Amino acid sequence: MEELVSLKGVTRTVLLPDEQELHILRGVDLTVCSGDHTAVIGRSGCGKSTLLNLLGLLDLPTSGELRFQGTPVERLGNNERAKLRGSSVGFVFQQFNLLPGRSALDNVTTPLLYARGPAVWKRRELAMDMLDRVGLACRAETMPNMLSGGEQQRVAIARALVRRPRLILADEPTGALDVDTGQAVMALLDTVATETGAALITITHDVNVAGLARACYRLESGVLTPTEVPAGVLA
Amino acid sequence: MTGVVSALVEAWQELRINKTRILLALVGVALSVAALTSVVGVGNLACEGFKSAAERNGGRSATLGLGVFGPTQADPQKLEEAYSGIIERYGIKYYSHLSPAQQSFQFPNGVQQVQLQVVDPGYGVIHRVDVSQGSWFAADDEDRLAPALVVSEAFYNAAGRPNLVTHPKVTLTGSQATTAVIIGVTPDPYPQSPPSAYMLTRAAERAGIGAMVGMGQFKLWVQDGQAEALKAAITSDLQQQFPGMQIQAERMDYASHGDPFAAVQLAVGGIAGLVLLLGAVGMLNISMVTVRYRVREIGIRRSFGATSQRIFLGVMMESVVATAVAGLAGVMLAVAVVKNPWIESKIAPDLTEYPAFPIEAAMLGLGAAILVGALAGAIPALVAVRVKVIDAIRF
């Protein structure tokens with residue numbers, strides 16, 4: 001399978017106000033190919049979100065090599081990374097992060113406003129198709145505050161996938177949902193990712209969610225190590 | 001192309017969603033623009049009013065008054081020839097004698113002294129004489145056997161307000177009684193003003209009032225830029241023809257010592273600028289608060305692939321689109337205020353015909369609104385661009 005994103009010896013360090021360095025990630029190696037479903041588990045504060053930001057081209061490593069579709073990311077400027085992120089990466093957040101005051105359809109349409117060409121003009125049609133795929137075509141004009149948690153996350157998934165990204169990054173996607181809804185959402189995410197051939201990286205501290213992945217890594221004190229896929233309750 | 005369209009769509013969505021908050025912010029901008037446009041519009045109207053009154057008194061810009069004075073009176077015939085020569089040599093289209101005279105008239109209620117202005121047809125153009133009834137003198141009125149008169153409202157009232165269609169006659173009393181015909185009526189210069197009338201120079205000569213013509217002035221309306229050069233040339237011409245006499249060739253109009261409205265316009269511009277500055281500060285304040293409120297949303301948009309330029313453009317466009325709409329509303333309000341008949345009559349009571357709302361005031365208001373939007377949008381847009389995506393999403 002085609003290599004999508006690879007990290008070799010990646011570190012991420014931040015300077016604290018007292019001039020001391022905080023090492024968030026230490027020598028991380030990770031390769032993700034198209035169609036993979038990878039889970040990264042770890043406790044709060046272990047660097048999961050920092051890793052997600054690096055994978056999503058929102059941040060750059062302090063040292064080491066990060067390649068996206070074979071291109072070294074540090075060679076790309078801010079705007080090039082933004083464009084690559086828009087066209088190739090879809091984010092699903094724990095708190096859904098739907099834009100308030102906009103209908104489900106408008107939320108799904110929003111990423112298409114940053115696309116180019118026909119996708120901009122056909123944005124409503126494409127967004128409706130995606131809402132249909134997550135089973136929410138009938139709630140297209142509903143405002144986020146009128147949707148349940150599960151429905152909001154399904155809208156967020158539709159929004160993440162509407163530009164057909166090659167990499168889906170899910171940050172604690174079931175963190176704000178009950179067990180049953182979380183299971184349904186993860187099943188949907190997995191199905192849609194598989195259908196579109198996208199790689200799915202789920203960052204979670206929930207072993208049940210990690211149990212749905214085909215590969216699993218544990219992040220502890222900034223060090224990423226491969227681990228067995230947990231046999232979660234839901235798996 | 002798609003980038004601009006998408007930015008406009010985004011800005012419109014943002015305005016639609018936050019309409020109440022933005023509407024409140026824009027009320028301030030609209031009122032500022034309305035105030036700015038009204039101040040400029042009212043200033044313009046007041047200037048027009050002052051200008052109209054000044055032109056009635058001193059003539060249009062530039063009006064030259066000629067005169068030849070000395071120990072003895074200049075030969076009237078030679079003076080007339082000199083003036084005719086000047087008109088011909090310099091191709092002057094509008095000119096007029098202006099000689100005051102006192103003349104008694106027979107009215108239905110008795111004889112009354114009237115201030116008579118002996119003029120030429122060009123006087124009406126040079127002094128912007130408005131005629132409320134009938135007409136001003138035409139060139140062939142000089143050939144009438146019964147002299148034509150353009151009279152004031154007070155004179156017309158004293159004459160019993162006859163219908164001008166019937167060519168009403170009045171009698172000039174004195175050693176040489178003459179019958180004159182009223183052809184036009186001008187408004188009184190001020191309330192309770194005494195009766196006055198205009199008569200053409202040649203007609204006055206025939207009626208025996210010509211004796212004072214040589215004592216008066218001769219006025220020329222020339223182009224603004226040529227006034228100084230003509231003054232020197234005419235003075236030189238007259239001096240050659242009347243050696244030993246004192247030659248007067250001076251500007252008589254309101255603009256003879258520079259534009260008297262420059263200071264007023266500067267003051268009006270200063271007030272307008274201050275009004276606009278207050279509006280801009282208000283808008284900036286609200287925009288800054290809005291951006292802080294939208295940090296998370298900006299972070300989410302960045303995660304969708306929005307570039308820094310796109311975020312900058314989006315935040316700025318919101319401000320520009322909103323202030324452009326507010327500016328339009330403000331300009332419409334200003335037009336409604338300035339063109340209100342009651343306000344017009346109070347600001348420029350001397351005007352009989354009010355000028356159209358100055359397009360430059362409308363353009364200034366709209367331009368200022370867009371500029372305020374761009375400036376008030378640029379600072380929050382810079383703040384928005386500096387938002388750290390990771391922090392913003394967790395905000």
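Throughout, read-outs are computed from the coordinates displayed, never taken from laboratory work. Just so you know, these numbers come straight off a predicted model, no measurement behind them. All Cβ positions, even for glycine, are placed from backbone atoms using ideal geometry, and neighbour counts span all protein chains on display.
Put in order of Cβ neighbour count within 10 Å, fewest first, the listed residues A:33, A:46 become A:33, A:46.
Tell me the angle of helix B:227-241 to the major Cα principal axis of chain B, expressed in degrees between 0 and 90 and rounded to the nearest ten. It works out to around 20 degrees.
Our coupling estimate for the stretch B:40-51, obtained by passing each phi through the Karplus curve with A = 6.51, B = -1.76, C = 1.60 and θ = phi - 60°, is 5, x, 5, x, 5, 5, 4, 4, 4, x, 4, 4 Hz, Gly and Pro reported as x.
In a shell of Cβ-Cβ distance under 10 Å around residue A:200, excluding residue A:200 itself, what net charge do Lys and Arg (+1) and Asp and Glu (-1) give? Neighbourhood net charge equals -1.
Placing pseudo-labels 7 Å out from each Cα toward the beta carbon at residue B:46 and residue A:79 gives an inter-label distance of 4.9 nm.
Looking at the stretch B:290-374, the GluC sites (Glu not before Pro) that sit in a DSSP loop and have at most 10 other Cβ atoms within 10 Å of their own Cβ are B:353. In plain terms, the bigger the Kirkwood radius, the slower the diffusion; for the stretch B:182-337, with that radius from Cα pairs, at 37 °C and 0.692 mPa s, Stokes-Einstein puts D at 137 µm²/s. Taking trypsin sites (Lys or Arg not before Pro) across the stretch A:164-235, the ones in a DSSP loop with at most 15 further Cβ atoms lying within 10 angstrom of their Cβ are A:214. For the listed residue pairs B:51/B:346; B:93/B:169; B:51/B:231; B:78/B:231; B:93/B:231, the alpha carbons are over 25 angstrom apart in B:93/B:169.
For the stretch A:139-230, the Kirkwood estimate of hydrodynamic radius, built from reciprocal distances between every pair of different alpha carbons, is 14.1 Å. Candidate cross-link partners of residue A:8 among the lysines, defined by an alpha-carbon separation under 27 Å and a same-chain spacing of 8 or more, comprise A:48, A:83, B:388. Sorted largest first, the principal axis extents computed over the alpha-carbon atoms of the stretch B:218-289 equal 79, 16, 15 Å. Shape summary of the stretch B:59-251, radius of gyration then Dmax from alpha carbon positions: 17.4, 52 Å. With equal scatterers on the alpha carbons only and no solvent term, can you work out the Debye log10 of I(q)/I(0) for the protein assembly as shown at 0.05, 0.07, 0.09, 0.11 1/Å? Once normalised to I(0) and log-transformed, intensities are -0.48, -0.64, -0.80, -1.04.
Return the tail of the calculated pair distribution for chain B, meaning the percent of Cα-Cα pairs more than 37 Å apart. Everything past 37 Å amounts to 48 percent.
Phi angles across the stretch A:201-209 convert, under the Karplus curve 6.51 cos²θ - 1.76 cosθ + 1.60 with θ = phi - 60°, into 3J(HN,Hα) values of 10, 10, 9, 7, 10, 9, 5, 5, 5 Hz, Gly and Pro given as x. Could you check which residue among B:227, B:306, B:53 shows the biggest mean-square fluctuation in a GNM of chain B with a 10 Å Cα cutoff? Judging by the Gaussian network model, the answer is B:306. For residue A:164, nonlocal amide neighbours, meaning residues 5 or more places apart or on other chains whose placed amide H falls under 5 Å from its own, do not occur. Note on the stretch B:147-259: Cα Rg divided by 2.2 N^0.38 Å, N the number of residues, gives 1.42. Percent of C-alpha pairs per 10 Å bin in the stretch A:54-181, short distances first: 13, 40, 31, 14, 2. Among A:106, A:190, sorting on how many other beta-carbon atoms sit within 10 Å of each Cβ, with the fewest leading, yields A:190, A:106. For chain B, calculate the relative contact order in percent as a whole number, restricting contacts to Cα pairs under 8 Å that are 6 or more residues apart. After rounding, I find 29 percent. Dividing the helix sum by the residues of the protein assembly as shown, where each DSSP H run of 4 or more adds -39500 (n - 2.57), gives a mean residue ellipticity at 222 nm of -14500 deg cm²/dmol. Comparing mean-square fluctuations of B:197, B:267, B:148 from a GNM of chain B with C-alpha springs under 10 Å, the top value falls on B:267. Residues whose amide H comes within less than 5 Å of that of residue B:179, counting only those at least five positions distant or on another chain, are B:172 (H built at 1.01 Å from N in the peptide plane).
For the stretch B:173-188, 3J(HN,Hα) computed residue by residue from phi via the Karplus equation (6.51, -1.76, 1.60; θ = phi - 60°) reads 8, x, 5, 10, 5, 10, 9, 10, 10, 7, 10, x, 10, 10, x, 5 Hz, glycine and proline entered as x. Counting other Cβ atoms within 10 Å, keep those with at most 15, restrict to DSSP loop, and tell me which GluC sites (Glu not before Pro) in the stretch A:148-235 are left. Those that pass, being in a loop and sparsely packed, are A:228. In chain B, the longest principal axis of the Cα atoms and the axis of helix B:2-17 are about 90 degrees apart. Restricted to Cα atoms, chain A shows a radius of gyration and a Dmax of 17.6, 54 angstrom.
The simple Förster model, with R0 at 56 Å and r as the Cβ-Cβ distance, assigns residue A:69 and residue B:346 a FRET efficiency of 0.15. Under Stokes-Einstein, with the Kirkwood radius over Cα pairs standing in for Rh, what whole-number D in µm²/s applies to the stretch B:319-367 at 25 °C and 0.890 mPa s? Estimated diffusion coefficient is 207 µm²/s.
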